[in-house]
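Following: one structure in structure tokens, then a few remarks.
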Amino acid sequence: MARSRNTFSEPPADLLSADREGMRPLAERMRPRTLDEMVGQKRLLAPTTALRRAIKAGRVHSMVLWGPPGCGKTTLALLLAHYADAEFRAISAVLSGLPEVRQVLAEAAQRFAEGRRTVLFVDEVHRFNKSQQDAFLPHIERGTIIFVGATTENPSFELNSALLSRCRVHVLEAVSPEDVVEALQRALDDEERGLGGEDISISPGSLLEIARAADGDVRRALTLLEIAAELAAGEGGEITPETLLQVLADRTRRFDKGGEQFYDQISALHKSVRSSNPDGAIYWLARMLDGGCDPSYLLRRLTIMAVEDVGLADPRALEMAINVWNAYDRIGAPEGNIALSNLAIYLASTAKSNASYKALAAAQADIAELGTQPVPMHLRNAPSRLMKSLGYGKGYQYDHDVEGGIALDQTAFPDEMGERVYYQPVERGLEIKLKEKLDRLRAAREQARAKKGTPGA
């Protein structure tokens with residue numbers, strides 16, 4: 001029985017001449033052929049790890065590979081097929097529709113009936129909607145395909161639970177600059193697939209600069225090296241700092257305005273503010289501005305921090321947040337970014353309290369548990385004679401007319417609840433003074449209710 005060719009294998013010599021091989025991008029030519037050639041991902045693919053042992057033994061399972069661009073998801077899928085002696089088929093959720101998916105699955109079923117497995121690699125699987133993802137389920141269950149989905153987004157949010165329950169999720173990390181340098185050096189030395197025969201020279205420092213500019217993306221690093229080598233070809237083969245400056249002139253960092261990295265970074269900003277770390281707050285603020293985050297989003301989130309995490313420990317924080325928001329609307333970027341910086345530093349540096357947040361949550365919990373309690377008669381408004389005759393407002397003490405300005409024995413809660421204490425100021429910032437006052441007032445109220453025999457005393 002003749003087997004179809006594994007697409008991971010090199011094409012026949014008569015179909016791929018040396019000239020045509022040279023037309024392929026360097027990143028594609030240097031794609032690892034073995035696990036030993038992969039850089040990074042030591043946590044998953046170190047010699048003693050279970051995944052590496054399973055791959056080398058050909059015991060592969062359906063999985064989802066979650067990681068940033070250029071970290072090796074496609075390469076790992078190719079290697080799975082290679083070590084398992086399986087057919088490799090790839091589709092993209094961006095380019096493929098359901099008819100193409102059905103055709104690929106039908107071919108895999110035929111191949112399975114002939115005794116050969118198929119590794120089906122689905123790139124950007126998160127772009128398939130949840131009903132389209134269901135199309136893979138019966139084929140995974142029957143073993144018709146070894147499903148390998150690749151995604152840059154959190155699978156918990158983007159993939160349906162049925163698909164996740166049938167696959168193992170492996171998290172891949174951005175490749176470190178040191179590991180990227182290893183891949184670049186290999187490309188410079190490789191005479192068969194890389195630049196080894198082109199007499200290209202580059203200093204270790206410049207190689208590291210390319211690696212850092214690639215921002216964890218090996219494919220991007222190899223592309224930058226290839227461009228630099230082409231420019232250097234007319235300059236004696238040396239990639240000089242001046243050459244590199246041209247190549248790296250337009251550096252961009254990884255930043256997905258609606259994806260996992262976006263929410264990770266705003267979380268880091270919020271937690272830096274909460275931890276009173278202005279340096280960390282400025283770093284994450286700068287990262288998000290650098291990535292093109294909408295300043296109005298940052299202003300809204302910083303204002304939330306002023307309310308939620310600073311609270312009444314420093315009421316000026318909310319006032320400053322609103323003022324900065326107004327200032328940004330008037331002056332715009334880049335000067336408006338300085339105002340954002342002022343706000344982030346102030347919020348991170350000032351006293352913090354979530355006492356108001358906790359007070360509201362506690363009151364909401366009582367409402368959920370106790371339901372709709374009637375307003376006590378003395379607290380009800382009585383704008384008409386009928387309402388007065390029914391007892392509305394009866395017994396209410398007008399605090400301004402009471403000695404000391406507070407009717408201490410007057411409750412503010414429904415009769416069935418008794419008194420509650422929700423707001424408990426912290427001993428930071430302005431709340432130190434609030435706590436001192438409220439502690440005295442609450443003690444006086446308790447004594448007054450006890451003396452009068454009021455419920456809840």
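The values are calculated or read from the model by the stated rules, or taken from the named source; none is laboratory data. Quantities reported herein were computed from a predicted structural model and do not represent experimental measurements. No Cβ is skipped: glycine too gets one built from the backbone with ideal geometry, and neighbour counts run over all protein chains shown.
Listed here are the helices (runs of 4 or more DSSP H) enclosed by region 71-142 that have at least 3 residues being at pLDDT 90 or above: 73-84, 98-113, 137-142.
Each row is one residue, and each column tells you yes or no for (1) modelled with pLDDT under 90; (2) surrounded by fewer than 17 Cβ atoms within 10 Å (Cβ to Cβ).
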position: Asn154; (1), (2): yes, yes
position: Val180; (1), (2): no, no
position: Asp190; (1), (2): no, yes
position: Ile202; (1), (2): no, no
position: Val218; (1), (2): no, no
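Summed over region 370-386, the residues that are in contact with a Gly (Cβ under 8 Å, 6 or more places away or on another chain) and over 21 Å from Ala407 (Cβ atoms) give a count of 0. Of Arg33, Arg53, Arg59, all but one fail to be without any contact (Cβ under 8 Å) to a residue 60 or more places away in the chain and in contact with a Pro (Cβ under 9 Å, 6 or more places away or on another chain); the exception is Arg53.
Checking each residue in region 58-70 for being in a loop (DSSP other than H, G, I, E, B) and touching a Cys at 6+ places or on another chain (Cβ under 9 Å) picks out His61, Ser62. Taken over region 193-244, the criterion of being assigned to a helix (DSSP H, G or I), within 31 Å of the chain's Cα centre (by Cα) and of a type in the set (A, V, I, L, M) is satisfied by Leu207, Leu208, Ile210, Ala211, Ala213, Val218, Ala221, Leu222, Leu224, Leu225. Remark: pairs (first residue in region 183-205, farther than 16 Å from Glu230 by Cα; second residue at pLDDT 90 or above and surrounded by fewer than 15 Cβ atoms within 10 Å (Cβ to Cβ); Cβ separation under 8 Å; 6+ apart in sequence or on different chains) = Arg186/Glu37. Tell me yes or no: at least one residue of region 418-437 is assigned by TED's automatic domain parsing to the domain that holds Gly395, under 42 Å from the mean Cα position of the chain (by Cα), surrounded by 13 or more Cβ atoms within 10 Å (Cβ to Cβ) and without any contact (Cβ under 8 Å) to a residue 40 or more places away in the chain. Yes: one or more hits.
Beta carbons closer than 7 Å, at least 6 apart along the sequence or on distinct chains, pair a first residue in region 385-397 that is closer than 21 Å to Ala448 by Cα with a second that is surrounded by fewer than 13 Cβ atoms within 10 Å (Cβ to Cβ) for Gly393/Asn381. Of all the numbered requirements in (1) without any contact (Cβ under 8 Å) to a residue 60 or more places away in the chain; (2) closer than 21 Å to Leu78 by Cα; (3) more than 21 Å from the chain's Cα centre (by Cα), Glu124 misses one, and that requirement is (3).
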